[in-house]
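Working notes, beginning with the structure itself.
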Amino acid sequence: MHHRTHDLISPVPGTGRQIHSFHYGPTDGAGKIYIQASLHADELPGMLVAWHLKQRLAELEQAGQLNSEIVLVPVANPVGLEQVLMDVPLGRYELESGQNFNRLFVDLSDEVGTEVAPHLGDDPQHNARLIRAALRRALEAQVPATQLQSQRLILQRLACDADMVLDLHCDFEAVAHLYTTPEAWPKVEPLSRYLGAQASLLATDSGGQSFDECFTLVWWELQQRFNHRFEIPQGSFSVTLELRGQGDVDHHTAATDCQAIIDYLTHHGAIAGEQPPLPELPYPATPLAAVEPVVSAAGGLLVFHVLPGEVVSAGQLIADVIDPISDRITAVRCAQAGVMYARSLRRMATAGMVVAHVAGREAYRSGYLLSP
């Protein structure tokens with residue numbers, strides 16, 4: 001194992017932060033896997049899973065069972081991790097810019113496409129090597145101006161040449177679920193099974209240039225640009241794993257999730273060993289565009305009637321919003337059937353607030369599909 005540190009831009013004199021990456025397995029092996037945790041710094045279940053993974057990967061490396069290079073970043077957002085205001089962690093948005101830590105990763109597909117166009121051919125592996133090398137050079141040429149930009153660039157540089165990217169997050173109160181692309185779903189379905197994901201949400205481009213999509217979109221956009229004139233493979237696939245809710249930080253759950261990832265990497269061939277049997281898929285993959293953000297029309301005390309993971313029918317009562325002054329009760333209902341896989345941690349709703357998400361079957365939304 002090699003431990004590397006990567007310095008962020010210091011925003012003011014006397015301060016400094018680093019990204020720490022841990023590198024396991026052969027650098028010339030069967031591909032590269034990149035795993036990071038807690039890019040939203042107030043989402044800590046993944047950080048504990050990453051700690052468990054550190055121990056397991058060290059053991060597997062010592063036993064000679066790693067076929068692929070595996071890079072692990074257990075603390076992907078030291079900037080946000082320090083943002084605590086009056087005992088409340090604020091790890092989703094940078095306080096200086098107001099930007100979401102998991103948005104606005106740099107898109108270099110045009111630049112990479114222009115560089116590699118004269119050299120592409122009919123060999124997909126040759127083309128993949130060209131594209132990865134061009135992407136690395138383009139990222140190295142970027143000059144960050146802020147601490148946040150430098151953090152984003154470090155993470156992109158660490159992961160840009162990985163065949164697989166796993167980004168460990170969680171929701172507010174939720175069951176395990178994941179996000180990936182329709183193109184990657186055949187490769188990702190075993191992970192959904194091992195994890196026991198109760199929703200698997202698919203979108204090629206959900207908007208916002210999030211960390212996971214900044215890699216898959218490069219390859220997809222190059223395929224569209226060259227319109228199949230050249231054999232361009234799906235050189236990288238990414239998955240955002242939502243490891244339940246913010247309060248689900250305990251060793252038993254983390255060890256179980258760690259084992260699910262180890263099982264998946266074994267199934268994938270990155271770890272030597274017998275492939276564990278595939279469990280049943282709890283819920284079929286559905287379009288992210290079919291997810292309904294369930295909105296409260298009024299403000300008041302939020303009282304849920306449905307737990308995360310429950311299957312709901314169209315029009316079902318999700319929650320009451322109670323005005324304790326006027327005694328008015330506003331019913332919050334979902335419009336479509338599906339699985340309510342996540343709900344708000346807050347219990348005081350504001351008018352227009354999204355209080356829950358339901359994974360439906362039929363796409364009906366378009367454009368920007370993510371939460372702010």
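The values are calculated or read from the model by the stated rules, or taken from the named source; none is laboratory data. Being a predicted model, the structure only gives us computed values, none of them experimental. Note that each Cβ is placed from the backbone with ideal geometry, even for glycine, and that neighbours are counted across all protein chains shown. For accessibility, only protein heavy atoms count, side chains too; no ligands or nucleic acids. Shrake-Rupley method; radii C 1.70, N 1.55, O 1.52, S 1.80 Å.
FRET efficiency for the pair D122 and Q65, taken as 1/(1 + (r/R0)^6) with r the Cβ-Cβ distance and R0 = 51 Å, rounds to 0.90. If one takes the longest principal axis of the Cα atoms in the chain, at what angle in degrees, from 0 to 90 and to the nearest 10, does the Cα axis of helix 251-268 lie? The two axes meet at around 40 degrees. Counting heavy atoms of the protein chains alone, R225 has an accessible area of about 100 Å² for a 1.4 Å probe. The modelled label-to-label distance between R328 and E274, using points 7 Å beyond Cα along the C-beta direction, is 6.4 nm. If one takes the longest principal axis of the Cα atoms in the chain, at what angle in degrees, from 0 to 90 and to the nearest 10, does the Cα axis of helix 124-141 lie? Approximately 80 degrees, to the nearest ten. In terms of the Cα gyration tensor, with a ≥ b ≥ c the square roots of its eigenvalues, is region 1-67 rounded because a/c is under 1.5, prolate because a/b exceeds b/c, or oblate? It is prolate, given that a/c is not under 1.5 and a/b is the larger ratio. Residues of region 151-186 with backbone nitrogen within less than 20 Å of a virtual label 7 Å along the Cα-to-Cβ line of E96, please, listed as ranges. From region 151-186, the list is 151-157.
Reported to the nearest whole Å, the Cα centre-to-centre distance from region 143-167 to region 280-326 is 35. Against the longest principal axis of the chain, how steep is helix 45-62, in degrees 0 to 90 to the nearest 10, with axes from Cα atoms? Helix 45-62 and the main axis of the chain meet at about 30 degrees.
Taking the Cα centre of region 223-352 as reference, the dipole from Cβ charges on Lys and Arg (+1) and Asp and Glu (-1) amounts to some 520 debye. Farthest towards the positive end of the charge dipole of region 186-252, among the residues G247, L217, H228, is the Cα of H228, using unit charges on the Cβ of Lys, Arg, Asp and Glu. Each part reduced to its alpha carbon centroid, region 345-372 and region 63-94 end up 26 Å apart.
By DSSP, the beta bridges lying fully in the chain are antiparallel in about 65 percent of cases.
For region 89-209, the fraction of C-alpha pairs farther apart than 17 angstrom is 68 percent.
Seen through its C-alpha gyration tensor, with square-root eigenvalues sorted a ≥ b ≥ c, region 58-134 comes out oblate because a/c lies at 1.5 or above while a/b is not bigger than b/c. Extension gain, H228 to T350: 0.36 nm times the residue separation minus the Cα-Cα distance gives 39.0 nm. Distance between the modelled labels on A363 and D87, one decimal in nanometres: 4.7 nm (7 Å Cα→Cβ projection). Between the DSSP loop rule and a limit of at most 15 other Cβ atoms within 10 Å, which GluC sites (Glu not before Pro) in region 271-372 are left? Passing both the DSSP loop test and the Cβ count: E274, E280, E362.
Placing unit charges on the Cβ atoms of the charged side chains and taking the dipole of the chain about its Cα centre, the candidate lying farthest along the positive direction among Y24, A141, A176 is A141. Basic side chains Lys and Arg get +1 at the Cβ, acidic Asp and Glu get -1 at the Cβ, and with that the dipole of the chain about its Cα centre reaches some 280 debye.
Computed from point charges on the beta carbon alone (+1 for Lys and Arg, -1 for Asp and Glu), the dipole magnitude for region 298-366 about its Cα centre is near 180 Debye. In this label model, E140 and D110 are separated by 2.4 nm, measuring between points 7 Å along each Cα→Cβ vector.
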